[in-house]
There are 2 protein chains.
Amino acid sequence: MSAEGLSRRRFFGLAGAGTAGVIAAGAAGGAIGRATAGEPLAPPASTATDAVPFTGEHQAGIVTPAQDRLHFVALDVITDDRAELVEMLQAWTAAARRMTAGQDAGEVGAVEGGQYAVPDDTGEALDLPASGLTLTIGFGPTLFTTADGVDRFGLADRRPGPLAELPAFPGEAIDPAISGGDLCVQACANDPQVAVHAVRNLVRLGAGVVSVRWSQLGFGRTSSTSSAQATPRNLFGFKDGTDNLKAEAPKALDQFVWVADDDPGADWLAGGSYVVTRKIRMRIEQWDTATLADQEQTIGRTKKAGAPLGQAAEFDPVDFAVQVDGQPAIPVRSHVALAHPTNSGTAILRRGYSFVDGSDGLGRLDAGLFFIAYQRDPETGFVQVQRNLRTDAMNEYVQHTSSAVFACPPGVTGPDDWWGRTLFS
Amino acid sequence: MSAEGLSRRRFFGLAGAGTAGVIAAGAAGGAIGRATAGEPLAPPASTATDAVPFTGEHQAGIVTPAQDRLHFVALDVITDDRAELVEMLQAWTAAARRMTAGQDAGEVGAVEGGQYAVPDDTGEALDLPASGLTLTIGFGPTLFTTADGVDRFGLADRRPGPLAELPAFPGEAIDPAISGGDLCVQACANDPQVAVHAVRNLVRLGAGVVSVRWSQLGFGRTSSTSSAQATPRNLFGFKDGTDNLKAEAPKALDQFVWVADDDPGADWLAGGSYVVTRKIRMRIEQWDTATLADQEQTIGRTKKAGAPLGQAAEFDPVDFAVQVDGQPAIPVRSHVALAHPTNSGTAILRRGYSFVDGSDGLGRLDAGLFFIAYQRDPETGFVQVQRNLRTDAMNEYVQHTSSAVFACPPGVTGPDDWWGRTLFS
């Protein structure tokens, strides 16, 4: 039985119009269906079972309303054969088209030579709907030139200047084992099993061509990327991403997120973006012993409402002129003050997730933020913001432990297009 | 403003009758609202936003229909003062009552001496509904007597015989750093942020009394504990837990799960149970290169339908007499054959979760099953089943890397009752 064109649900001959349809009814156009800011963040986005279109001018998974769960994987290419790499990217694209549409990655139960063959899908998502799955690919600096300067795949002269290793920042403790990578795939979905399934099946398709370098699960989105989404809370207990760039502001996205036609590398990267990932360990136990006043002065917003200090509601304007007792209501070293476009001079699209990776052997939870940000140029995006945060009061409570940067090509368009075509053709 | 008696939602003065109510409408009595077996496993159980009652004859979180997300934590007691431990258990109980009802663990924004005090809740679940949260406590063998035989808290003569370290099994590679523990708390919820929040706030309340020994997140339930639930799939891609003990079979639960009035330790443990946890690494890459026929012969069921081999549908009886070509349809060394009550002579209530903990440094996903099982006696429960699995064909694809056992007291009953009262009073 061929699964071509069948959704995972229809694969089992089921109507699929029951529970899923009812529950997704409130979620128009792939948005997450939780609307008015200030309303409770009722059921997480796993209520959005619909598919997000895979093709388009830009890759899905960047301004797509942030799904609730993440599986991010970075891979190293282990072959020297450019043709093998291209073949894998084509196979990945075909599988990504299928999986983001709620189908399996390939056939389960094909018969070869009278025997059931090795399944082309690992099966754990067979009964699950598309769940808003997006798969977003990126190419790391080392794909173009190794650290030793070797031009591995004839791509050395295609590397755009902005695709360079990030500089060091004060206070960080970067672990190379969970940093960098030749390729990345960001899988976001409203069901973690769907995101995990997608990464696993791509890794499986890449056997002999790529090897997993590191991977990270995130359980809760920490930013909104659409004004239709309620603002979630990070593990500091604060609303996060209120003033994030949003899908509904295309001019700002053109200015700060999408690579333009006259940018470096535009011949293959126009319409794409750069993604920076940073694993940020939160010193949860220290934070939890700080007073509410300390916490709010550190962030620059109130904890419950998420209002800028000196204001009443979450979406009140961030106004650095407001004073309380002759001092700025929003302290000048608070995170909001230093990160805000007004003071940092730039903006990035944040798309991070909370993580808990067990405990750290010292009786503490190993938890924090897996920071993901998209920008038109890492130097004028993340790097500029991060440099401005050197005196951030929040630095007392966080430490960056991983770092990576990837160039994300534009979206796959026609039925014959594939991930990386503009780079490799 | 006191948060006493207010739900987290009402804490913000919101009706809370909107989205959440609509979505939870199909989920009666805390069940997960996906019904008929064979229907698609539509949106994960995060659609169940309701509260599960905290009090009762038995602790919640054992036969409660398995929620979709897990945060399990094991802790070591770092005080020698029995009174401090008792005080913490009482504070934990109060917080658990609140959090399982969808409230915060304590007040955020209390004013002491004219200053905002340290918040009594960390805040990251402030906008979230109860989400089916259950918190289940257990006491490890080392709480009663240290490995050196020291009677730490005057409990040595209260240790029931069955509460003993598990024996070694062939092929396992147990890591002590993620095994054992004086106490455990299993937090299950339909929203991972709610489970993580609960564990974090209990750990915070236990500062100076307990220290986190290990903790584990699970993203997808791998068993049903109610016949109202559809059977989920594990990371082998197979339906798991079809023949699990179920809440709807109270006689079997009395026989196999609950400690009875004439069992060892019944003076404090009657109505309780024992939980065994095992982290089981799956050799995903090896499994994914096996043919479908090999996989099905290893498990003893079909991959798509989950039917016992030789039968057609998932809930068809497991019949070891059925033959195909003169051989048992279900191979004698298959996992189903060896684990089934018919052949193992016993039954356990499985309640495990899938995990992905990143990658292993060798290019492979670090993934598998965090196995959790409840039983009346570990020796005649997990240990007996596991011994019967020594020739299990599945052993080629799995390795146990952690082990723990805890005695879980009966449920908290009246408003003055607390976790461990029967043991410490």
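The values are calculated or read from the model by the stated rules, or taken from the named source; none is laboratory data. Predicted, not measured: the structure shown is a model, and the values here were computed from it. Glycine also receives a Cβ, built like all others from the backbone with ideal geometry; neighbour counts cover every protein chain displayed.
Remarks
- Yes/no for A:A74 being within 11 Å of chain B (Cβ to nearest Cβ) and over 30 Å from B:G218 (Cα atoms): no
- Only one of the numbered conditions (1) within 14 Å of chain A (Cβ to nearest Cβ); (2) part of a helix (DSSP H, G or I); (3) surrounded by fewer than 22 Cβ atoms within 10 Å (Cβ to Cβ) is violated by B:T142, and that is (1).
- Scanning the range A:172-192 for residues that are surrounded by fewer than 21 Cβ atoms within 10 Å (Cβ to Cβ), among the charged types (D, E, K, R) and within 24 Å of A:L143 (Cα to Cα) yields a single hit, A:D175.
- Output for the range A:312-331, where each listed residue is in contact (Cβ under 8 Å) with a residue 12 or more places away in the chain, more than 17 Å from A:K246 (Cα to Cα) and hydrophobic (A, V, I, L, M, F, W, C): A:A313, A:F320, A:V322, A:V324, A:A329, A:I330
- Only one of B:Y374, B:Y397 that is over 24 Å from B:R213 (Cα atoms) and among the hydroxyl-bearing types (S, T, Y): B:Y397
- Among residues of the range A:239-253 that are within 24 Å of A:G300 (Cα to Cα), those with a Cβ under 9 angstrom from a residue that is among the aromatic types (F, W, Y) and surrounded by 20 or more Cβ atoms within 10 Å (Cβ to Cβ), sequence gap 6+ or separate chain, pair up as A:L245/A:F256; A:L245/A:Y374.
- Residue match in the range A:201-216 (condition: under 18 Å from A:A373 (Cβ atoms), of a type in the set (V, I, T) and touching a strand residue (DSSP E or B) at 6+ places or on another chain (Cβ under 8 Å)): no
- Residues considered: B:A96, B:A74, B:A147, B:A130. Of these, the only one that is part of a loop (DSSP other than H, G, I, E, B), closer than 28 Å to B:F371 by Cβ and at pLDDT 95 or above is B:A130.
- The range B:246-256, residues that are more than 18 Å from B:P410 (Cβ to Cβ) and touching a Ser or Thr at 6+ places or on another chain (Cβ under 8 Å): B:K246, B:E248
- Every residue from the range A:270-295 that is surrounded by 19 or more Cβ atoms within 10 Å (Cβ to Cβ) and not in a strand (DSSP E or B): A:G271, A:G272, A:I284, A:W287, A:D288, A:L292, A:Q295
- Which listed residue is touching an Asp or Glu at 6+ places or on another chain (Cβ under 9 Å), farther than 26 Å from A:T64 by Cβ and either assigned to a helix (DSSP H, G or I) or at pLDDT 95 or above (or both), from A:A177, A:A164, A:A173: A:A164
- There is at least one residue in the range B:275-285 that is modelled with pLDDT under 95 and more than 30 Å from B:C184 (Cβ to Cβ).
- Qualifying positions in the range A:392-422 - in a helix (DSSP H, G or I) and of a type in the set (D, E): A:E396
- Taken over the range A:95-137, the criterion of being within 13 Å of chain B (Cβ to nearest Cβ) and among the charged types (D, E, K, R) is satisfied by A:D104, A:E107, A:E112, A:D120, A:D121, A:E124, A:D127.
This table checks each residue for (1) over 22 Å from A:T222 (Cα atoms); (2) of a type outside the set (V, I, T); (3) touching a residue at least 24 places away in the same chain (Cβ under 8 Å).
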| position | (1), (2), (3) |
| --- | --- |
| A:V383 | no, no, yes |
| A:A393 | no, yes, yes |
| A:S403 | no, yes, yes |
| A:A407 | yes, yes, yes |
| A:P410 | yes, yes, yes |
| A:D417 | yes, yes, yes |
| A:G420 | yes, yes, yes |
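- For the range B:200-209, the set of residues classified as outside any loop (DSSP other than H, G, I, E, B) and either surrounded by fewer than 24 Cβ atoms within 10 Å (Cβ to Cβ) or within 8 Å of chain A (Cβ to nearest Cβ) (or both) consists of B:R200, B:V203, B:R204, B:L205, listed by residue number.
- Some residue of the range B:300-312 being more than 23 Å from A:A117 (Cα to Cα) and either surrounded by fewer than 17 Cβ atoms within 10 Å (Cβ to Cβ) or within 27 Å of the chain's Cα centre (by Cα) (or both): no
- Within the set A:Q193, A:Q216, A:Q255, the sole residue that is over 29 Å from A:R82 (Cβ atoms), facing chain B (nearest Cβ under 9 Å) and at pLDDT 95 or above turns out to be A:Q193.
- The residues of the range A:224-240 that are of a type outside the set (A, V, I, L, M, F, W, C) and within 14 Å of another protein chain (Cβ to nearest Cβ), listed by number, are A:S224, A:Q229, A:T231, A:P232, A:R233, A:N234, A:G237, A:K239, A:D240.
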